[in-house]
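The values are calculated or read from the model by the stated rules, or taken from the named source; none is laboratory data. Keep in mind it's a predicted model, so treat the numbers as computed, not measured. Note that we place each Cβ from the backbone using ideal geometry, even for glycine, and neighbour counts take in every protein chain shown. Just the protein is used for accessible areas: all its heavy atoms, side chains included, with ligands, DNA and RNA removed. Shrake-Rupley method; radii C 1.70, N 1.55, O 1.52, S 1.80 Å.
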Amino acid sequence: MLGIQRIAEACECYRRAVEANPQLAHGHVNLGFALMELGRHKEALPTLRRAIELDPTSSDAHYLLATGLLSQHTWMPAIEHLERAIELKPDLLVAYRDLGKALHHTGQHAKAKAALHAGIAVSAEFADLYYFLGNIELHQMETGAALASYRRALQIQPGYAAVHSNMAPALLDLSDFEGAAAAARQALKIEPTMHQARSNLLMALSCDPRCQPDEYLAEALLFGRMVVGPASLKNAPDELKIRADTRPASRPLRIGFVSGDYRNHPVGYFLEGVLDHWADSDMQTFAYSNHAGHDDLTARLKARFSAWREISDLTDDAAEGQIRTDCIDVLIDLSGHTPGNRLTLFARRPAAVQTSWLGYWASTGLPAIDFLIADPTSVPPEDRAHFSETVWYLPETRLCFAPPMGADLPEVAAPPMLRRGYITFGSFQRLTKLSDGVLRVWARVLQEVRGSHFRLQSAQMKDSDARRHLLMRLAALGIDTEKVHLAEAGTRREYLAAHADVDIVLDTFPHTGATTTCEALWMGVPTITLAGKTMLARQGASMLACAGLTDWIATDEDAYVACALRHASDADRLAGLRSGLRERLTLSPLFDAPRFAGDLQSALRQMWDRKAQQRPDGAS
C-alpha cells in the first residue's frame, strides 16, 4: 500500500511540475508513467500525447503511449508507436515484445515473429521474446519450434511459470501426456493460483488413457476451489435469487453462450445448425465471444444470434457486468478447459442458471456450473458421479452436426479400394489423440488387413519435427512407413475431398473424434470407434449409434481389430454403405437440427424452472 501511496504522491508532484512548466516534455512523460502505474491508463493517454507533441524523439513517450493504447485495445495506433519507439531506441527490448504481441493479436503472425526475432538479434537473453515467439509458433502448429523457443526461455529464466504452462499443450500435441502434465504441474508449483496451468493439466489428464475418472475429477475440483476465492464469492449473488424483472413470464428467456470458438472450429460447426432452427419467440440468444479473430463462419454465426458481445478484451469484472446488464437467465459454457475458456467468469455466477455443453468432454469442477448436458450413451447413469455438475440428459444425442454445404462441397466418391485393390484406413485427428495405445492397436489392424495402407492427415503434419516423431513411433511398432501417407490439413474443401482416398476411418481412443467422425460420415466414410469409460471416450459411440451404425462400435481393443477386419473384408457392403450413407444420415438424430434444437430449448427451459422452484421467496 505504501508503494501505491508514494506513486500517487509522485503523480501529484509531476502534475504540479507540468502545470508550472507546460512545455516540460519529460514532466509529461513522468506524469504519464505514474498514472499508468496507478492503473489510470485512459487518463494517461492525453498526457503522453502531449509529451510526444513537445518531444517527438522521446522513445519513452512513444512506448508508454503504446502501452496505454494496448490497455484500451486500440491496436493499430499502438503498433505505430511501438515501431517508432524501436526506431528511436533500437535496444528497447520490451517494445519488441509488445510489438510482437500486438501484431499477433491483430492476425499479423509473420510480422509478429519478425519483430520478436529482431528483438532477439539485439539481445538473446530476454526470456519474454522467446515465450511470445513460442506462443505464435504453437498457434501456427509449429510444435517443434514452439518447444525450442519455450526451452530457450527457461534456460534464461527457469522459474517462468507461464512458459511451463504453455509447454503443456505443445507436448500434448506430440501425445506426450506425461510430459504435458508434468509441465503444467511445474507451472503450478511456481505459481499455485495460475488458472490456465490447471486447465492445461486437466486437458492433459482428460486425454491420457491412463488417467482414471476419479483422478481427473479430484484435479477438476481443485480448479473449482482455486477460482472460487473470496473475491468471486463477494461479487456473486445468491445462486437461487432470480430477479423479478428476469422472470420468464414477463419476457423470453435470455440464453447466453460463452465461447472462444465462434469460427471455423468444431464448436462453430455443431452450433450453426442448432441456431438455424432456434425459436426466438420465447428464448433469445446472446453470444459472448472470447476470440478476437473472425472468419466466414463467425459472420454466419453472428447473424444467427439475437445479440453479439465481444469479451476477449474485457476483464472478468467488465464481462460480468455486461452479462448482468443483458439480464441473462441461463449462461452456457462452450469451452470447458480448452484454450480460450472463461471459467473464471462463470465462477462469479453472473447468471442464475449455468451449464456446460458442446465444447468439452469432462467435468469443469466448477461449483458455479449447475448442469452438464449429455446423452445416455456418452454418460451412462452409473457414470454421473464423475461430474461435479448435475448431468442433464437430452433424449438422443448431446451433439447435432450442421453438414458442410455449398456448391463446392465434394461429391461422395467411390471407395478407393475398388480402383487400388487394397484398403486404405485413415485418420484426420490431431496428433494429441495418437497415444501409444492407439498406435499399437492400429498396427494390429494393419497387420491383420494384409496390404492395407494408412492416410494420416491433420494441421500438425505441417511441422517437420512432428512428422518425423510420428514416423519414428510408427516404425517402432512394426508399421511399414512406406504404406503410410502423411498429409497437411489444407482448406476445408480439400480436407473433405481427401475422404475420397480413405475407405474406413479408424477412431482414436479414449479421445474419440466428434467433428471428424461426422464429416467422414457425410463424405460416405464410416468410422470404427471404441466405446470407453468416459464421456470423451464414448462420444464416438454416441454419434455412431445415432447414425444407426452400432456394428461399427467396439467394446475393447480385440473387438476393434476384429471390427476392422470384418468390414474391410466385405467390399460390396462397404461400397453400398458409402453410396447411401449421406441420405441415411439426414434422417438420423445426429443431423436433425430442428428436432435437436427443440430438445435443447426444452432442456434449458426445464433447468430454469427447476432453479425457479428453489427460490427462497417462493415466487414462481
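Taking the criterion of being assigned to a helix (DSSP H, G or I) and either open to solvent by 10 Å² or more (accessible area, probe 1.4 Å) or out of contact with any helix residue (DSSP H, G or I) (no Cβ under 6 Å at 6 or more places or on another chain) (or both), the only residue of the stretch 449-460 that qualifies is Ala459. On the stretch given as the stretch 8-36, residues that are surrounded by fewer than 16 Cβ atoms within 10 Å (Cβ to Cβ) and under 42 Å from the mean Cα position of the chain (by Cα) total 1.
All of Ala541, Ala562 fail the test of being open to solvent by less than 10 Å² (accessible area, probe 1.4 Å), at pLDDT 95 or above and among the aliphatic types (A, V, I, L, M), apart from Ala541. His469 fulfils the conditions (1) open to solvent by less than 10 Å² (accessible area, probe 1.4 Å); (2) under 26 Å from the mean Cα position of the chain (by Cα); (3) not small (Gly, Ala, Ser) except for a single criterion, (1).
Residue by residue, here is whether (1) open to solvent by 40 Å² or more (accessible area, probe 1.4 Å); (2) of a type in the set (A, V, I, L, M); (3) within 24 Å of Ser388 (Cβ to Cβ); (4) touching a helix residue (DSSP H, G or I) at 6+ places or on another chain (Cβ under 6 Å) holds:
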residue: His117; (1), (2), (3), (4): yes, no, no, no
residue: Val122; (1), (2), (3), (4): yes, yes, no, no
residue: Ile136; (1), (2), (3), (4): no, yes, no, yes
residue: Gly144; (1), (2), (3), (4): no, no, no, yes
residue: Ala168; (1), (2), (3), (4): no, yes, yes, yes
residue: Pro192; (1), (2), (3), (4): yes, no, yes, no
residue: Gln212; (1), (2), (3), (4): yes, no, yes, no
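Of all residues in the stretch 544-559, those being crowded, with 21+ Cβ neighbours inside 10 Å and assigned to a helix (DSSP H, G or I) number 4.
The residue pairs whose first member lies in the stretch 298-309 and is without any contact (Cβ under 8 Å) to a residue 60 or more places away in the chain, whose second member is surrounded by fewer than 16 Cβ atoms within 10 Å (Cβ to Cβ) and charged (D, E, K, R), and whose beta carbons are closer than 9 Å, counting only pairs six or more residues apart or on different chains, are Arg304/Asp276; Ser306/Asp280; Trp308/Lys302. For the stretch 533-546, what are the residues that are closer than 22 Å to Leu565 by Cβ and in contact (Cβ under 8 Å) with a residue 40 or more places away in the chain? Ala541, Ala545, listed by residue number.
Quick check on Thr481: is it within 25 Å of the chain's Cα centre (by Cα), more than 26 Å from Arg538 (Cβ to Cβ), open to solvent by 10 Å² or more (accessible area, probe 1.4 Å) and free of Cβ contacts under 8 Å to residues at least 60 places away in the same chain? Taking the combined requirement at face value, the residue does not satisfy it.
For the stretch 254-297, the set of residues classified as part of a helix (DSSP H, G or I) and open to solvent by 60 Å² or more (accessible area, probe 1.4 Å) consists of Asp276, Asp296, listed by residue number.
Here's the yes/no breakdown for (1) part of a helix (DSSP H, G or I); (2) under 20 Å from Thr534 (Cβ atoms):
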site: Ser175; (1), (2): no, yes
site: Gly179; (1), (2): yes, no
site: Leu201; (1), (2): yes, yes
site: Ala204; (1), (2): yes, yes
site: Tyr216; (1), (2): yes, yes
